[in-house]
Amino acid sequence: MAFSKRKPSEARRSDCHDQLAGRWVSDPYRWMEEDTPALRTWVLAQHEYTMARLTSLPAREGIRRRLEELMRTPAMGTITKAGKRYFFRQRFEDQEISALYCQDEPHGAPRLLLDPNELSSDRTITLADTHPSRDGSLIAYRLSFSGSSRMSLYVMDVDSKEVLPDVIPGDVNPVAHAWHTKNRVAWLPDNSGFYYTRCHRDAPAGEARFHHKLYLHHLGDDWRDDTLVFGEHLKREQTPYPQLSSDGRYLIVVVQDVSGAAPCSQLYLLDREDPERGFLPVVRGIEAFISAAFHRDRLYIQTNYQAPLGKLTAIKLADIATGEFAATTVIPAGSHPLGAWTTVGNYLFVETIEDVSSRLRVYDLAGKLVKQIELPGIGSINALSAEPESEDLLISFSSFLMPRAGYRMDLETLEYTLHHQHEVPFDPEVFEIEQVWFESLDKTRIPMFLLHKKGIERDGRNAAVVHGYGGFGVSLLPAFTAHVIPLLERGGIYAIVNARGGGEFGEEWHRAGMRENKRNVFDDFIAAGEWLIAEGYTQASRLGCFGWSNGGLSVNAVAAQRPDLWKAVAAGAAVTDMARFHTAYGGQHWVADYGSPEDSNDLDFLMQYSPYHTLPQKIEAPAILTVAPDNDDRVAPWHSYKMHAAWLNANVSKSPILLRREEQAGHRGSPVASRTIARYADIWAFFFWQLGLD
């Protein structure tokens, strides 16, 4: 396809102002929030100009070819066991999207259940999450259309592969979740139906991400007739999450609300053999996160309430039924954050995050240490999967230079063996990993991982790209990222900064980078760049910065605050307008992390860093590449459009200001292999061009 090389015009500005919390806030590109022909024409012109520049770069085709080699290899996802069956996703070299498979026994031949490659000619229908029944005979799953997060729920008979007529439409947003807590379908033990969440049918238009309640669906019934089980009096922003004990007697519901000044959680339990008593409160309205799971006669609860690094407690189910109960501490708060955990047979497996890497320990059910498991190295546990009384545990693990691998642990010996390994054609022995620490502006020590070739010269002449996130308690642990390899092979440095706002050191680390402390995140990014220069790894003319989503907010903020520090900045699906983020889609769920623009105190600190509002009228900008998935219904694409227009208007340097639109793609960009490869070929071609690697 030929793209226009003519530089498009800047966007029309208006004198739009809003009065928020007693102050006037300027919004000259408000018109971009409406999908109009004028906006589509402007975005297309910006995109075509960007693609004309990027596709003509000498390095791009070589990067694309290398990414084809790296990202077209056969890949298997996390394995989930249900009954005697194993469910997993797999993509072969000639496929664009992963398909769903099952094995009926550990060493049986995989059976194809669902191939999304056959659902649409343009590969815009993709498989999202899966929820097998306890015995594995049925599986519920959601399909996403063009990346939308409002997905319809389907049910398949695993033996016959027949898709049942029980479809719950995406319009009511079934099994949705806000950040931090995952949602699930909770199957009845006899497979006659399941509990699930959705918004109620009479929710106002455009509010399917709110008003969620818990329903019981019986197979064969019309979803409109499903029984409302819990949540009639929940407020708009509260979201319930169900879980059922293995015998089906007890149902718990965790209620989470992240729309206020702090996350708030509740937990209720229903004895289904005594439904007249209703839901009994177990945890009442604490400002913390909780997760819970049944095992045998107890309910296990993980929380960071009065324990910023997390603790694990247990309550006897029989005691809850009497109304007189107390939680027993099983795993007390220690010196490292708790991560994933699961109960299997007589054991409790607990991940901790130590020095920004996973550790795994085995305890008995009372919390006595049995063994520390030696993992394959510095890295991260992606998943722990097992049935409650299983004979094995499945562990998914990866690291910066180790593609994802699956291991099977024998619960008799507590030893694990390799089950499968994702093979990627590169030589990890050529590279090395450094973990370094540096001081941020307030003298807080911040960790950062550096990936680069062995024997690199610290002469200040290396190209380097800083990547980070810094929000919502998200931890950036060592994990394999194939698209980075072309940078490393070309002699570049990839620096992953564990900025505050993440969860690498528990809730206090998270809170140190949220709300009124958000400035710490940007200080951490800036200090990372300054340290790389001071230590001789790079120089400002060869330093880049890359972030996605909340990470896109971070890199836009530091580009506006310190344009002299960066040569090139790439931001994908970025949050940029901190005065109006709460008005689009599920943005109200981000208030606990960002603050509320409708509160005068919160608005003060939001306006101190909002990239869209703090960008100077004139700025010697670094090169900017904005990537905007146009069907993103998590972070509205108008954040990207407005920020791109603001950069164009303010920039007085000769650096390119580029906008790459990705059609029919959701928040993370299209998962289709060819489109993923094209996206990263463009991003890395941009960095190679600007950092002198082409």
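Calculate the length of the line joining the C-alpha centroid of the range 482-543 to that of the range 389-409, in whole Å. Here the answer is 28 Å between Cα centres. Amide H contacts for residue 129 (H built 1.01 Å from N in the peptide plane; partners 5 or more residues away or on another chain; cut-off under 5 Å): 142. Between residue 608 and residue 6, the simple spin-label model (points 7 angstrom out along Cα→Cβ) gives 4.7 nm.
For the range 273-376, GluC sites (Glu not before Pro) meeting the loop criterion (DSSP other than H, G, I, E, B) and having at most 12 other Cβ atoms within 10 Å: 273, 324, 374. Counting each pair of different Cα atoms once, what's the Kirkwood radius of the range 577-644 in Å, rounded to one decimal? Radius from the Kirkwood sum: 13.1 Å. Once a ≥ b ≥ c are taken as the square roots of the eigenvalues of the Cα gyration tensor of the range 376-462, is the result rounded (a/c under 1.5), prolate (a/b larger than b/c) or oblate (a/b not larger than b/c)? Oblate is the answer for the range 376-462, as a/c is 1.5 or above yet b/c matches or exceeds a/b.
Sites listed here are GluC sites (Glu not before Pro) in the range 53-154 whose DSSP assignment is loop and whose Cβ has at most 14 other Cβ atoms within 10 Å: 93. In the range 540-694, the C-alpha radius of gyration followed by the widest Cα-Cα span (Dmax) gives 15.3, 48 angstrom. Can you give me the Kirkwood hydrodynamic radius for the chain, using every pair of distinct Cα atoms, in Å to one decimal? Computed over the chain, the radius equals 26.4 Å.
3J(HN,Hα) couplings calculated from phi for the range 149-166 with the Karplus curve 6.51 cos²θ - 1.76 cosθ + 1.60 (θ = phi - 60°) are, in sequence order, 8, 9, 10, 6, 9, 10, 10, 10, 7, 5, 5, 8, 6, 6, 8, 6, x, 7 Hz; Gly and Pro show x. Subtracting the Cα-Cα distance of residue 272 and residue 437 from 0.36 nm times their residue separation leaves 54.1 nm of extension gain. Note on residue 361 and residue 459: the model spin-label points, each 7 Å out from Cα along the C-beta direction, lie 4.8 nm apart. Between residue 318 and residue 225, the simple spin-label model (points 7 angstrom out along Cα→Cβ) gives 4.0 nm. Bridgeable lysines around residue 453 (alpha carbons under 28 Å apart, same-chain partners fewer than 8 residues away excluded): 567. Of all aspartates and glutamates in the structure, the ones whose alpha carbon falls short of 17 Å from that of residue 654, not counting any fewer than 8 places away in one chain, are 10, 564, 620. Please work out how much length the chain gains when fully extended from residue 653 to residue 35, using 0.36 nm per residue of separation minus the C-alpha to C-alpha distance, in nm with one decimal. Stretched fully, the residue 653-residue 35 segment lengthens by 219.4 nm. For GluC sites (Glu not before Pro), no site in the range 490-528 is both called loop by DSSP and has at most 16 other Cβ atoms within 10 Å. If R0 is taken as 51 Å, the Cβ-Cβ distance between residue 52 and residue 429 corresponds to a FRET efficiency of 0.80.
Its alpha carbons give the range 76-244 an Rg and a Dmax of 16.2, 50 Å.
Rounded to the nearest Hz, the phi-derived 3J(HN,Hα) couplings of the range 676-693 under the Karplus curve 6.51 cos²θ - 1.76 cosθ + 1.60 (θ = phi - 60°) are 5, 4, 4, 4, 6, 4, 5, 5, 6, 4, 4, 5, 4, 4, 7, 9, x, 9, where x marks glycine and proline. With both residues required to sit in the chain, DSSP beta bridges show an antiparallel share near 85%. Over the C-alpha trace of the range 13-131, radius of gyration and Dmax come out as 23.3, 67 angstrom. Placing a label point 7 Å from the Cα of residue 26 along the Cα-to-Cβ direction, the residues of the range 636-665 whose backbone N falls under 17 Å of that point are 642-652. Which FRET efficiency value, to the nearest 0.05, is calculated for residue 421 and residue 109 with the Förster distance at 25 angstrom and r the Cβ-Cβ distance? Efficiency for this residue pair is about 0.80. Think of it as helices only: each DSSP H run of n ≥ 4 in the chain is worth -39500 (n - 2.57), and spread over all residues that comes to -5000 deg cm²/dmol at 222 nm. With θ taken as phi - 60° and the Karplus curve 6.51 cos²θ - 1.76 cosθ + 1.60 applied, the whole-hertz 3J(HN,Hα) list for the range 51-63 is 5, 4, 5, 6, 6, 8, 5, x, 7, 4, 5, x, 5 Hz, x standing for glycine and proline.
Here, each number is a calculation from the coordinates, and none is a lab measurement. Predicted model, so just to flag it, every value in this text is computed and none were measured. Backbone-built Cβ (ideal geometry, glycine too); neighbour counts: all protein chains shown.
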